[in-house]
Protein chains: 2
Amino acid sequence: MRILIVEDEPTLGQQLKSTLEQNGYAVDLSTDGEDGHFLGSTEEYDAAVLDLGLPEIDGLTVLGMWRKEGRKFPVLVLTARDSWSDKVAGLDAGADDYLAKPFQTEELIARLRALIRRASGNASSELTAGDVRLDTRSGRVTLNGEPVKLTAQEYKLLSYLMHHKGKVVSRTELIEHIYDQDFDRDSNTIEVFVTRIRKKLGADVITTIRGLGYSLDDPADAPRE
Amino acid sequence: MRILIVEDEPTLGQQLKSTLEQNGYAVDLSTDGEDGHFLGSTEEYDAAVLDLGLPEIDGLTVLGMWRKEGRKFPVLVLTARDSWSDKVAGLDAGADDYLAKPFQTEELIARLRALIRRASGNASSELTAGDVRLDTRSGRVTLNGEPVKLTAQEYKLLSYLMHHKGKVVSRTELIEHIYDQDFDRDSNTIEVFVTRIRKKLGADVITTIRGLGYSLDDPADAPRE
DNA sequence: GTCCTCAACAATCAGAATGCGCATCGAATA
DNA sequence: TATTCGATGCGCATTCTGATTGTTGAGGAC
């Protein structure tokens, strides 16, 4: 899962970025509204954290522009405490959740997780497909109840696929959502990790659709329509 | 389905081309208005993506010329951000949809799919004929509810036929719409793939009209005879 | 009118060529 | 030390080609 942070204060921004990365997200950080808007318009994000008090372009404006352009990723807005008007205006402009500064990072993580979960149409924080179960809260994966140890990248890849169960996901899409901005798109890492996930969870969890990408299907809801 | 891209910026153009190809389209790329106009006038396309800000001949002019010549394929226009006048002028000149730059490729794909679908007079993204069902969104094909595995070419061929259900489609037309510009037109690949589709979906899905081509008929709306 | 022949077209098959995806390993990184 | 990354070569599914076989319909002979 890939996240955009737009936060003008460098210290806080960096701190957020590294916290989120530790929690298994790919993170792009932008420190001003214009750049932030551009990133949100061109790159693929699964969620954004947007500070309203930005120099140059206001956060609300950025949010408004995204929505007008049809960008649908969930946005978590950061407001100064007790700024009621901001809060209301933010929700009006299309924010999905808000958090008053200062806040605890755990809370931010939890809310982001919920946003991403809801955006993918999942009610529970536990995703399942066949014998595989993935708990987005603890970041644990089990196969038939047996815990399986996945590395960070393996987890990210699997997590994205499970969030988009049944959909055909292209290699490009995977790269865009698992890695942040600066990454060499010409490599076969995706294949490598798919191979290793298959080794750990069984070859049949991930289906290859030749020429198009991969797809994770749940045998439970597969048969006749 | 075959698509023409007219985009002067080489990087973006190439990127679009490969994304679309990954999604199962045959793509021709032109980097200037004159050449683009020529291609659109002489070749057979199911849709075009046209950048308005072209050197030499303006995109609007190209579009206008196509329409005056009676070219009817749907055109998706790319405009610079917030260029209201462009947008209006584009729609006036006969554009079917527009997208402001910068945009997300997923959005472009979705809109193109919608354009092609509407152009063939289909309301839904699910095409059916007899026991065969094709979902253009997920790219899946089922026979009596059972999923059928088709290769890329097989899918393209079937998809074109299903978009033109009931119509007699010549071999030439098929070649023109599922391959791009540089392809040896003297070969019997079409026959080969028709054979293989028949093997997978039943011999009666595709009817041969000797001397003319093929036709895919839906027994449901075939009159008594 | 019936049957036969032939030419044109279509279908099928097998082998060759291509290209995609996979696995493995060594290097880089943290 | 564990993990991630990038490169290479291999294997196999897919695609294409060309040859062969099968089908259809028109025209001519009877």
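Where a number appears in this text, it was derived from the coordinates with a stated rule and is not lab data. This one's a predicted model, so the numbers in the text were calculated from it and none came from an experiment. Because the Cβ atoms are built from the backbone with ideal geometry, glycine has one as well, and the counts that use them run over all protein chains shown.
Couple of notes before you dig in:
- Largest-first ellipsoid semi-axes for segment A:126-221, taking √(5λ) over the Cα gyration tensor eigenvalues, angstrom: 21, 15, 12
- log₁₀ of I(q)/I(0) at q = 0.19 Å⁻¹ - segment A:37-179, Debye sum with one point per alpha carbon: -1.17
- For the protein assembly as shown, the average shadow cast by the Cα convex hull is 24.7 nm², which is a quarter of the hull's surface.
- Hydrodynamic radius of segment A:1-71 per Kirkwood, over alpha carbon pairs, in Å: 11.9
- Averaged over the residues of B:104-110, the number of partner chain Cβ atoms lying within 10 Å of the residue Cβ comes to 4.
- Shielding of B:195-208 by partner chains, average beta-carbon count, 10 Å: 0
- Most fluctuating residue given options A:Lys156, A:Lys101, A:Lys17, as computed from a GNM of chain A linking Cα atoms under 10 Å: A:Lys101
- Under 23 Å, Cα to Cα: Lys pairs in segment A:2-119, sequence gap 8 or more or different chains: 5
- Count Lys and Arg as plus one, Asp and Glu as minus one, and take only other residues whose Cβ is under 11 Å from that of B:Met65; the net charge is then 0.
- Estimated D of segment A:2-119 in µm² per second, where Rh is the Kirkwood radius over Cα pairs and Stokes-Einstein applies at 20 °C, 1.002 mPa s: 155
- Dipole moment magnitude, nearest 20 debye, segment B:85-225 about Cα centre, only Lys, Arg, Asp, Glu C-beta charged: 320
- Length-normalised contact order of chain A in % [C-alpha pairs under 8 Å, at least 6 apart]: 17
- At R0 = 51 Å, FRET efficiency that the Cβ-Cβ distance of A:Thr105 and B:Thr11 yields, to 0.05: 0.85
- Each stretch of four or more DSSP H residues adds -39500 (n - 2.57); spread over every residue of chain A, this sum gives -12500 deg cm²/dmol at 222 nm.
- Taking the charge dipole of chain A about its Cα centre, with +1 at Lys and Arg Cβ atoms and -1 at Asp and Glu Cβ atoms, the residue from A:Val194, A:Gln153, A:Gln15 reaching farthest to the positive side is A:Val194.
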